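Novice: Before I ask anything, let me first share the structure, which is written out below as structure tokens.
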Amino acid sequence: MKKYTLYKTVFRVLLRFPDRIFEDLFNKAYPIYKALHKDRAYGRVVQHLKNAVAANPTPALKHTTPRSVFRGIYWNAIDSYRGLDRMPEVTKRVVFENSDIIREALRHGPIAAISIHQGSFELLHRSLCHFSNNVHLVTDTLGDGELRKLIQELRSDPCLTEYSPDQSRELIRNLFKSDGILAMVFDQGKNTKGNKVQLFGQDSTLFLRLPQLVNQMGAGIVTFRTFTKGGLRGKIVIRFEKYYPPKYKGDLINEIAQEVETWIAEHPSQWSWNYHGNFKG
């Protein structure tokens with residue numbers, strides 16, 4: 001209990017540091033991080049960006065540097081946890097786009113609302129509480145017991161229930177019983193089998209088996225994403241993109257993969273290029 005209280009106190013104090021302190025910290029830490037990770041995370045980002053530009057040379061991708069990627073990940077993490085702690089300087093910046101897509105989808109029954117690790121993605125799942133009182137979140141929180149407890153407390157909301165990946169049967173049962181929302185991000189996974197796709201011309205894996213299963217069982221799928229626009233303190237957009245009806249007859253996996261590539265290409269500095277499992281078939 002003492003360890004948990006210490007984590008919570010320190011974490012909340014850190015979140016309230018002025019932005020200039022966080023920016024100074026990044027500017028000092030980044031060169032050190034770069035030097036230590038040239039053959040690991042930094043090197044992966046360099047190579048992934050090079051390959052992506054060759055396959056899809058959008059202006060945004062061509063102007064994205066490894067530094068802008070790590071800075072984007074850094075600030076989106078800060079915004080995520082400030083938002084989870086309900087700090088007004090973040091929550092007042094959140095705006096919804098295309099909300100009619102999810103509202104209409106829920107009129108027809110339960111849905112899976114799925115996204116990727118882009119932008120302040122920790123804010124995505126609680127945002128679904130604006131549309132349903134029954135949000136079933138699949139998550140795999142890292143860290144030791146006390147840190148995990150802290151992150152779960154920050155994420156918590158009366159309408160949101162967390163499930164570990166091995167609780168999928170219980171989740172599916174509760175999803176259909178409540179006519180609610182299954183919420184998950186699908187571009188990263190571990191200890192689970194994914195779906196083989198192509199992203200930027202490279203063999204990749206997306207983890208869509210659970211959304212695919214509930215879709216065949218009668219749930220719709222809504223894709224959505226978040227990104228920051230208008231600079232560092234700009235608006236945090238949560239945009240609903242597309243509705244796939246229950247028992248979708250099209251090429252679900254590849255259509256979603258095409259969406260993902262578009263999202264990344266539009267806001268490349270806000271996606272987690274550094275993840276070790278990216279672009280592995």
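Novice: Kindly list, by first and then second residue, each pair from a residue in segment 177-192 that is without any contact (Cβ under 8 Å) to a residue 60 or more places away in the chain to a residue that is aromatic (Phe, Trp, Tyr), limited to pairs with Cβ atoms under 9 Å and residues at least 6 apart or on different chains.
Specialist: If the second residue must be aromatic (Phe, Trp, Tyr), the pairs left are Thr192/Phe207.
Novice: Next question. Take Ile101 and decide whether it is of a type outside the set (Asp, Glu) and in contact with a Gly (Cβ under 6 Å, 6 or more places away or on another chain). Please lay out each step first, then the result.
Specialist: On the way: of a type outside the set (Asp, Glu): yes; in contact with a Gly (Cβ under 6 Å, 6 or more places away or on another chain): no.
No, not satisfied.
Novice: Can you confirm whether segment 75-98 contains a residue that is within 23 Å of the chain's Cα centre (by Cα) and more than 27 Å from Ser156 (Cβ to Cβ)?
Specialist: Residues of segment 75-98 within 23 Å of the chain's Cα centre (by Cα): 75-98.
Keeping just the survivors that are more than 27 Å from Ser156 (Cβ to Cβ) gives none.
Looking for residues that are within 23 Å of the chain's Cα centre (by Cα) and more than 27 Å from Ser156 (Cβ to Cβ), one finds none in segment 75-98, hence no.
Novice: Could I ask something else about it? Please go through segment 30-50 and give me each residue that is hydrophobic (A, V, I, L, M, F, W, C) and in contact with a helix residue (DSSP H, G or I) (Cβ under 9 Å, 6 or more places away or on another chain), ordered by number.
Specialist: Of everything in segment 30-50, those that are hydrophobic (A, V, I, L, M, F, W, C) and in contact with a helix residue (DSSP H, G or I) (Cβ under 9 Å, 6 or more places away or on another chain) turn out to be Ala35, Leu36, Ala41, Val45, Val46, Leu49.
Novice: A further question on this structure: Would you point out the residue of segment 201-214, among those that are within 19 Å of the chain's Cα centre (by Cα) and either of a type in the set (Val, Ile, Thr) or assigned to a loop (DSSP other than H, G, I, E, B) (or both), that is surrounded by the most Cβ atoms within 10 Å (Cβ to Cβ)?
Specialist: Restricting to residues being within 19 Å of the chain's Cα centre (by Cα) and either of a type in the set (Val, Ile, Thr) or assigned to a loop (DSSP other than H, G, I, E, B) (or both), the top hit is Leu208.
Novice: For segment 216-233, how many residues meet the condition of being under 8 Å from Ala112 (Cα atoms) and not in a strand (DSSP E or B)?
Specialist: Going through segment 216-233 one residue at a time, the tally reaches 1.
Novice: Here's something else I'd like to know. Can you work out which of the residues in segment 124-182 that are within 19 Å of Ser99 (Cα to Cα) and of a type in the set (D, E, K, R) is modelled with the highest pLDDT?
Specialist: Restricting to residues being within 19 Å of Ser99 (Cα to Cα) and of a type in the set (D, E, K, R), the top hit is Asp179.
Novice: Looking only at residues in segment 73-119 that are outside any strand (DSSP E or B) and in contact with a Pro (Cβ under 8 Å, 6 or more places away or on another chain), which one is farthest from Gln188 (Cα to Cα)?
Specialist: His108
Novice: Next up: Can you report the number of residues in segment 124-159 which are part of a helix (DSSP H, G or I) and in contact with a Leu (Cβ under 7 Å, 6 or more places away or on another chain)?
Specialist: Pass one, segment 124-159, residues part of a helix (DSSP H, G or I): 124-130, 145-155.
With the extra rule that they be in contact with a Leu (Cβ under 7 Å, 6 or more places away or on another chain), the set shrinks to 125-126, 129, 154-155.
The qualifying residues number 5.
The values are calculated or read from the model by the stated rules, or taken from the named source; none is laboratory data. All values reported here derive from a predicted model rather than from experimental measurement. Backbone-built Cβ (ideal geometry, glycine too); neighbour counts: all protein chains shown.
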